[in-house]
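One structure below.
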Amino acid sequence: QLQLEESGGGLVQPGGSLRLSCAASGRIFSNNVMGWYRQVPGKQRDLVAEITRAGGTNYADSVKGRFSISKDNAGNTVYLQMNSLKPEDTAVYFCNVKMGSSSLLHNYWGQGTQVTVSS
């Protein structure tokens, strides 16, 4: 079973930067997508960015040009570099891994890390 450990959240002023990290322990199958989601109380959890095993990326329109997702060479750690942060970026950010095995879809979540953007 995969476990995800998140770090890097905190309080920053508008225009500042943060880098979130998510380290996975356990095997990540070849067929996988790793990503970051965020959620505000009372709203659904929305995709922020994702990266495939091959390195392809996808971003929410609201963060394009400001956020960048990446992973290490082993593929077991995913990062989210957040620049030019805005108050509307305030949310709990969750690491996510989706993996396909022979006949099952596996979906794993981190515990979430709070990002607050405020002056």
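The values are calculated or read from the model by the stated rules, or taken from the named source; none is laboratory data. Everything numeric in this text was worked out from a predicted model, so none of it was measured. Please note: Cβ atoms are built from the backbone with ideal geometry, for glycine as well, and neighbour counts cover all protein chains shown. We work out accessible area using only protein heavy atoms, side chains counted, and drop any ligands, DNA or RNA first. Shrake-Rupley method; radii C 1.70, N 1.55, O 1.52, S 1.80 Å.
A few remarks follow.
- Probe 1.4 Å, protein heavy atoms only - accessible area per residue of the stretch 34-119 in square angstrom: 52 Å²
- At q = 0.19 Å⁻¹, base-10 log of I(q)/I(0) for the chain (Debye sum, equal scatterers on each alpha carbon): -0.97
- Rounded percent of accessible protein surface that carbon and sulfur make up, the stretch 1-46, 1.4 Å probe: 44 percent
- Largest GNM mean-square fluctuation among S102, S17, S70, using the chain with Cα springs under 10 Å: S102.
- For the stretch 85-119 and the stretch 14-62, distance of Cα centres in Å: 6 Å
- For the stretch 13-79, the list of chymotrypsin sites (Phe, Trp or Tyr not before Pro) that fall in a loop by DSSP and count at most 12 other C-beta atoms within 10 angstrom is empty.
- Restricting the trypsin sites (Lys or Arg not before Pro) of the stretch 1-42 to loop positions (DSSP other than H, G, I, E, B) with no more than 14 neighbouring Cβ atoms within 10 Å leaves R27.
- Most fluctuating residue given options A23, A49, A74, as computed from a GNM of the chain linking Cα atoms under 10 Å: A74
- In summary, the aspartates and glutamates within cross-link reach of K98, defined as a Cα separation below 19 angstrom excluding same-chain residues under 8 places away, comprise E5, E6, D46, E50, D72.
- Multiplying the residue separation of A54 and S30 by 0.36 nm and removing their Cα-Cα distance gives an extension gain of 7.7 nm.
- Once C-alpha pairs closer than 8 Å and six or more residues apart are averaged by separation and normalised to the residue number of the chain, the relative contact order reads 35 percent.
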